[in-house]
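K.L.:
Structure incoming, see below.
The values are calculated or read from the model by the stated rules, or taken from the named source; none is laboratory data. Computed from a prediction, not measured in an experiment: that's the story for all the values here. As a convention, Cβ positions derive from the backbone with ideal geometry for all residues, glycine included, and neighbour counts pool all protein chains shown.
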């Protein structure tokens, strides 16, 4: 097809500008023909195949970050691996679980390019999905009952690479990694906030993290969001008790 189009454009070029126009037209025709062939091939590729390719790429990037978290403290623990396996099986089926485990095994002794993976995820995922991803990564880190300093340091690095603001990150972090005034951190406010600022922050956090906002992503993601929503409510109730509100 490309050659045929190149000849037609070359003839037009010759009629317009002579021999020089024919040469220019021929090469322009080759480029145009190649582009048209690419469009035809894309259009003839079944939508299901395109979706499958996109899902596999997403799975791969997700597994790489999960592996990075599991390796952060120097070894992959059984509880962390079981948490990841359950997640991948629930969201990607048994085939996805097998593929995830194969990727993790391949990465055991390799350096992981966290920046590159985060850049691809940031480009291809909506913000709410990236928030849920971070929640999942913290879940892996805490699967053994403790989120260690090395895991936190890596998550501190990953969050901005995913394009998540500091308030959102600190809120999720406080649900897994308890620090002083963690209830306030979950709501994204300092301990010195006024009663009215506390109420306002709670309403804002409850609205932004309500499970219904991610319902389209599937029941498992909605369930995870529900756990986060419960943590927000628990933090607010603690502050109210402490302040006698």
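K.L.:
Which ranges mark the helices (runs of 4 or more DSSP H) fully within region 132-213 that have 2 or more residues being surrounded by fewer than 21 Cβ atoms within 10 Å (Cβ to Cβ), in the same structural domain as residue 68 (by TED's automatic domain parsing) and without any contact (Cβ under 8 Å) to a residue 24 or more places away in the chain?
P.N.:
Where helices (runs of 4 or more DSSP H) fall fully within region 132-213 and carry at least 2 residues being surrounded by fewer than 21 Cβ atoms within 10 Å (Cβ to Cβ), in the same structural domain as residue 68 (by TED's automatic domain parsing) and without any contact (Cβ under 8 Å) to a residue 24 or more places away in the chain, they are 149-161, 166-176.
K.L.:
Also, quick follow-up: Given the condition touching a residue at least 24 places away in the same chain (Cβ under 8 Å) and closer than 26 Å to residue 222 by Cα, answer yes or no: does some residue in region 111-118 qualify?
P.N.:
Yes, region 111-118 has at least one match.
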